[in-house]
Amino acid sequence: MSWRVPRAVQLAKAKAKAVATVLRTGVAGAVFAFVLCRLIQDPAQADPPDATPATLKDAAHGLFDIGVGLSDRIAEHPADWPLLTTQFNCVTPENCMKPAAVQPTADGFRFELPDQFVAFAHEHKLRIVGHCLVWAKDDRTPPWFFRDGDQAVSKEVLLQRMKTYIDTVVGRYRGRIDSWDVVNEALDDGPNDLRPSGWVTACGDEFLVRAFEYAHAADPDALLIYNDYNNELSGKREKLIRVVRMLKDRGAPVHAIGLQGHYELDQIPFKDLEATLVAARELGVKIVVSELDIDVVLRGRWWADGGKYRDELAKYDPYRDGCPPEILQRQADQYAQLFKLFARYADVIDRVSFWNLHDGQSWLNYFPWNRVNHPLLFDRQGKPKPAYGAVIDALQSRP
Ligand code: GLA
């Protein structure tokens, strides 16, 4: 895609030309140049109407922010900056602010990468989403959190560790990070409301309440989010509503629900999504769509029937030489349908963030097996795909 020379630069160049005309042509030229400068000051007279298409963040202006999950090392990749800063106004670090990266052991915090990320985002005037303070899964929580010597940790010690962690991390970036995924993925995919974990074993549901309280105390101005996957689906949505209601009833400052939005082509749960947007409105919380993508090399069978298709799927890479146009068109149509829905619920939706900048950087090239995937709006060269134009059109034909 070609990036336009900003209008201010165009005008300055035009004025410089007019002045050069004065110097070359004497009085008659000066009169002519004066008239020309007046015209240049009035863009409506001087320029034809702007035919350049809006970017994502411009098209969504007044509806919601447009964000993106980014490599922790974006500051070292200037080739990505033009696409990033032209299209998006909000960024989430992909990994460097997760507890396993920030405090992998009890003996100290690691802020080198998060500090770099935050400095980069500030320099480029991008809002930052902190992700995430508590990832309520055992394999995503540094193991030392749950141990106390050779014993399982007590509730008091675990909550104190969580408080120290949240105070330190949220406090460090107070005023620079304005929203936090406070708890990630606490809902159970099985029969329970909460996923069994070291958190639940030690604290029951109290760890959720405290996480939001500690985050609010550390930065009273930050938007605090409960984030999860598949939480718009009927079954998990009811758990989500119960948990958010419980948090609110107990006075915990939960401000928004994060719907990760890792969808698969032809399987986007539009009805469930709309029901969740309605439920959020009733609960009095905002929605953020936090990690949006539309997988085209469908992954659902990876988990089906006890994993019996995994050997077959591990070799499945149908679009390694490119994605067929008809698939790209279906993806475009479904992205458009999503953004039309989001636009209709803009009173509830605070932000829509994609998960990664372009197809070449998507986690879906590696998860749950290696394949060449095409889930985003920009291809591997950062060029817009059909879905890009479809999303812009959907946003511009807002209701
Ligand atoms: C989840 C997490 C993200 C990221 C993605 C996969 O959705 O919330 O931080 O790890 O998985 O990249």
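Here, each number is a calculation from the coordinates, and none is a lab measurement. Just so we're clear, the structure is a prediction, and the values are computed from it rather than from any experiment. As a convention, Cβ positions derive from the backbone with ideal geometry for all residues, glycine included, and neighbour counts pool all protein chains shown.
In units of the rule-of-thumb radius 2.2 N^0.38 Å, segment 185-309 shows an alpha carbon radius of gyration of 1.13. Sorted largest first, the principal axis extents computed over the alpha-carbon atoms of the chain equal 92, 47, 40 Å. As a rough footprinting exposure proxy, the listed residues 246, 97, 162 were ranked by other beta carbons within 10 Å of their own, and the order from fewest upward is 246, 162, 97.
Pairs exceeding 26 Å between alpha-carbon atoms, taken from 98/286; 137/236; 239/315; 98/315; 98/340: 239/315; 98/315; 98/340.
From the largest down, segment 316-399 spans 40, 24, 21 angstrom on the principal axes of its Cα atoms. Normalised by residue number, the volume inside the convex hull of the Cα atoms of segment 83-239 is 118 Å³ per residue. Listed by Cβ neighbour count within 10 Å, with the fewest neighbours leading, 74, 287 appear as 74, 287.
For segment 239-394, the relative contact order is 25 percent, taking Cα pairs closer than 8 Å that sit 6 or more residues apart in sequence and dividing their mean separation by the residue count. Which one, 125, 236, 315, has the greatest fluctuation when you compute a Gaussian network model over the chain with C-alpha springs under 10 angstrom? Fluctuation is largest for 315. Using a simple spin-label model with pseudo-atoms 7 Å out from Cα toward Cβ, residue 333 and residue 310 lie 3.5 nm apart. Residues considered: 268, 166, 327. Largest GNM mean-square fluctuation over the chain, using C-alpha springs under 10 Å, is found at 327. To the nearest ten degrees, helix 236-249 and the longest principal axis of the Cα atoms of the chain are 90 degrees apart. Projected onto their three principal axes, the Cα atoms of segment 251-324 cover extents of 49, 31, 21 Å, largest first. Measure nothing but the geometry: give the 0 to 90° angle between the long axis through the Cα atoms of 270-283 and the longest principal axis through the Cα atoms of the chain, rounded to 10°. Orientation of helix 270-283: about 80 degrees from the principal axis. Separation of segment 72-125 from segment 289-347 is 26 Å, based on Cα centroids. FRET efficiency for the pair residue 319 and residue 233, taken as 1/(1 + (r/R0)^6) with r the Cβ-Cβ distance and R0 = 25 Å, rounds to 0.40. Between 67, 175, 108, the residue with the greatest mean-square fluctuation in the GNM of the chain (Cα pairs under 10 Å linked by springs) is 108.
Normalised by the number of residues in the chain, the average gap of Cα pairs under 8 Å and 6 or more apart makes the relative contact order 15 percent. Between residue 147 and residue 344, the modelled label-to-label distance comes to 5.3 nm, taking each label 7 Å out from Cα in the direction of the beta carbon. For segment 349-399 versus segment 229-246, the spacing of their alpha-carbon centroids is 26 Å. Computed per residue of the chain from DSSP H runs no shorter than four, each worth -39500 (n - 2.57), the mean residue ellipticity at 222 nm is -13000 deg cm²/dmol. With q set to 0.21 Å⁻¹, the log10 of I(q)/I(0) for segment 286-328, from the Debye formula over equal scatterers at the Cα positions, is -0.83.
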